[in-house]
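Below you will find the structure I want to go over with you.
The values are calculated or read from the model by the stated rules, or taken from the named source; none is laboratory data. All values reported here derive from a predicted model rather than from experimental measurement. Note that we place each Cβ from the backbone using ideal geometry, even for glycine, and neighbour counts take in every protein chain shown. Ligands, DNA and RNA are stripped out before the accessible areas are found, and what is left, the full protein with its side chains, is counted by its heavy atoms. Shrake-Rupley method; radii C 1.70, N 1.55, O 1.52, S 1.80 Å.
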Amino acid sequence: MNEYMIFWLIVLIVSIVVELVSLGLTSIWFAGGAVVAVLAAALGAPLYLQIILFLAVSLLLLAFTRPVAVRYFNKERVKTNVESLVGRQAIVISEIDNLQGIGQVTVGGQEWSARSYVEEEKIPVGAVVVVRAVSGVKLIVREESPMKESLT
């Protein structure tokens, strides 16, 4: 067994151990690249080719399998209360003015601090808005109107 094979086997083992400890899909892709590099080293490929294969396979695995794996592992993840607000309608109960840093809305019977999605836009009391995002404890909202929706 040559020294390059030993190196790639160590990379493989470290990648697997890090993955087992973290359980966060962080290094499993590099384990796949290390397997290919071990095979290349066993076949006598030069070091530069082993490195290229390791990087190429690791990046390909990361690019093509990570999104599928993340979707699979997160499919039963329940959205938090705040995350479930995105896309819902709200009613402005206190004028929203980003410049003054004021504004409140109600969503599902709860009051939230709010800021306008469009920085310069003031939104009057009684306007119907849509929650676009959440930033800290503030909802980022956009006034709901057919004209504005068609522009975005």
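Which residue pairs have Cβ atoms under 8 Å apart, sit 6 or more places apart or on different chains, and have a first residue in region 38-57 that is touching a residue at least 40 places away in the same chain (Cβ under 8 Å) and over 13 Å from E3 (Cβ atoms) and a second that is open to solvent by 40 Å² or more (accessible area, probe 1.4 Å) and of a type in the set (A, V, I, L, M, F, W, C)?
The qualifying pairs are F54/F30; F54/V36.
In region 119-140, which residue that is closer than 17 Å to L99 by Cβ and of a type outside the set (A, V, I, L, M, F, W, C) is most open to solvent (accessible area, probe 1.4 Å)?
E120
Using beta carbons and a limit of 7 Å, which pairs, at least six apart or on different chains, have the first residue in region 90-109 and open to solvent by less than 60 Å² (accessible area, probe 1.4 Å) and the second one part of a loop (DSSP other than H, G, I, E, B)?
Between residues of region 90-109 that are open to solvent by less than 60 Å² (accessible area, probe 1.4 Å) and residues that are part of a loop (DSSP other than H, G, I, E, B), the close pairs are V92/P124; V92/V125; V92/G126; V92/A127; S94/V125; N98/E119; V107/R88.
For region 1-55, give me each residue that is open to solvent by less than 70 Å² (accessible area, probe 1.4 Å) and on the phi > 0 side of the Ramachandran plot.
L25, G44
Restrict the check to region 113-124 and report whether at least one residue is modelled with pLDDT under 90, in a loop (DSSP other than H, G, I, E, B) and within 28 Å of I6 (Cβ to Cβ).
No, there is no match, as no residue in region 113-124 is modelled with pLDDT under 90, in a loop (DSSP other than H, G, I, E, B) and within 28 Å of I6 (Cβ to Cβ).
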